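Presented below is the structure to which this report refers.
The values are calculated or read from the model by the stated rules, or taken from the named source; none is laboratory data. Being a predicted model, the structure only gives us computed values, none of them experimental. Heads up, the Cβs are rebuilt from the backbone with ideal geometry, glycines too, and the neighbour counts pull from every protein chain shown. When the accessible area is computed, the model is the full protein with side chains, heavy atoms only, and any ligands, DNA or RNA have been set aside. Shrake-Rupley method; radii C 1.70, N 1.55, O 1.52, S 1.80 Å.
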Amino acid sequence: MQSDDQWPNQPATQGWNPATGMTGWDPKTGPPGWTRQQPFTPPAIPPHDRTRGLGPWGMPARHSWENPLLAVVVALTVIGYAVSLLVTLLGVVNSYLMLVVLAPLVLWFGRGTTYSAQRLNAVKMSPTQFPEGYRMVVEAAGRFGMAKVPDAYVVLGNGQINAFASGHGFRRFVAIHSDLFEVGGAARDPDALAFIIGHEVGHIAAGHVSYWRQFGMTLGNVIPLLGNSLSRAQEYTADNHGFCFRSGGAPGAMQVLAAGKYLNALVGVDELADRAPQEKGFFIWVVNAMSSHPVMTWRTWALRDRSRHGRLFLRPSMPRPSGQNPAAPYPPGPVPPPYPQLPQQYSPQPPQQYPQGPLPYQQGPPPYQQAPQPNPQAGSPYGSGRHNPPYTGLPMGVAPATDPPRAVPPANPAANGDATGPEQDPGSH
């Protein structure tokens, strides 16, 4: 390794960097061709608005089923933990009882490892790293009246569209998969990213990531219908936070969650929401009841209809016109407009816009030129040689009547004085 004295003497005006051995760029701004990120400015708290479906004073509302379900789950968890601890103290020990008794320690260990994994492997948002996302986190925390801004990390998504919020001790954090920033770039749909960040920060603001709350929901994870119903109610509450923070990003967020980061623009949000009251049946109810998140059609419907909370158990119902018999069918609605035409960049180019002149594949004989007809007298049309017998026109595998004589090698190669055998032509195989 060379010392600093061995580097060539470069004038300071050229920006010589001994670490890279290059001149002409500053390591703080990046190599040539990179653009410097926009400087961070502290955001102002957005004004409160009275959006329909939210709580008083412009704050997001909890789902109407969240607190009742939480009370039932916590009561069952406390009773189950007390019974398990009492049975264990009486001398009855098995793996299930020990798992329940050690649930507080297991939960504490899992939260600590999850938080440490983000601190060690993820990219932390800051005014200099992902400043757009960091600004959204700060704005969301101010919008929800949080005393402290949670930490925010960017996790390698590997194609997955996801984000989550958690905490450990008194620390809270959100983690956003990197694929969401491909959707939330300035050229795509930044409002969708803002809605998702507001959703995750809303989990923290609503207390969903508290240690004691998650411990109180331990038994709910064992009872699928009860625990999943509470989880869906919490997701609706977080959607209220995201809608309160950036209502314009709700359609884009549903498009991304429904079709991914590449086909999101092709999703019709209204058409997706209209299927919520139309899809019916027993298994529709089962799939929704077993889901930890609201199903996409019901969730999109709830974000469009801000007059009531999202449905947990029964599918949404279409609003009927006033004064109409409930048993009567719905009146036919207006004819939907035709699908918009594709942008010009996706339309096929007319032939006259191609460059004039002969194309490369037009040179020489046409590609579909008819193959030469075989001539039995001239032998094979693909060449002749001492290894190609005359063409006879017989089917494959049928030998001609007069087979030309062929040289038969001796059985013992050493008989001809050659220990290595006769020389073989590669073309004979």
Task: region 112-171 - percent of accessible surface contributed by carbon and sulfur, probe 1.4 Å - done: 53 percent
- [ ] Could you check the simple spin-label distance between Ala289 and Ser116, using points 7 Å along Cα→Cβ, in nm with one decimal?
- [x] 4.1 nm
Task: Per-residue ³J(HN,Hα) for region 274-291, Karplus 6.51 cos²θ - 1.76 cosθ + 1.60, θ = phi - 60°, Hz, x for Gly and Pro - done: 5, 6, 4, x, 8, 7, 9, x, 5, 6, 4, 5, 5, 4, 5, 5, 8, 8
Task: Extended-chain gain in nm, criterion 0.36 nm per residue less alpha-carbon gap, Glu279 and Ala82 - done: 66.6 nm
Open item on the list: Show me the ranking of peptides 160-169, 270-279 by mean Cβ neighbours inside 10 Å, starting with the highest.
Closed with: 160-169, 270-279
Task: Environment charge at Ala71 (Cβ cut-off 14 Å; Lys +1, Arg +1, Asp -1, Glu -1) - done: +1
TODO: Could you please report the charge total around His293, scoring K, R as +1 and D, E as -1 over all other residues with beta-carbon less than 9 angstrom from its beta-carbon?
DONE: +1
Open item on the list: Between Tyr262 and Arg171, what is 0.36 nm times their sequence separation minus the Cα-Cα distance? Round to one decimal in nm.
Closed with: 29.3 nm
Task: Extension gain, Ser64 back to Arg306 (0.36 nm per residue minus Cα-Cα distance, nm) - done: 85.8 nm
Task: region 299-304 - phi-based ³J(HN,Hα) in whole Hz, Karplus 6.51/-1.76/1.60, Gly and Pro as x - done: 5, 5, 4, 5, 6, 8
Task: Spacing of the two label points (7 Å from each Cα toward its C-beta) at Trp108 and Met146, in nm - done: 2.4 nm
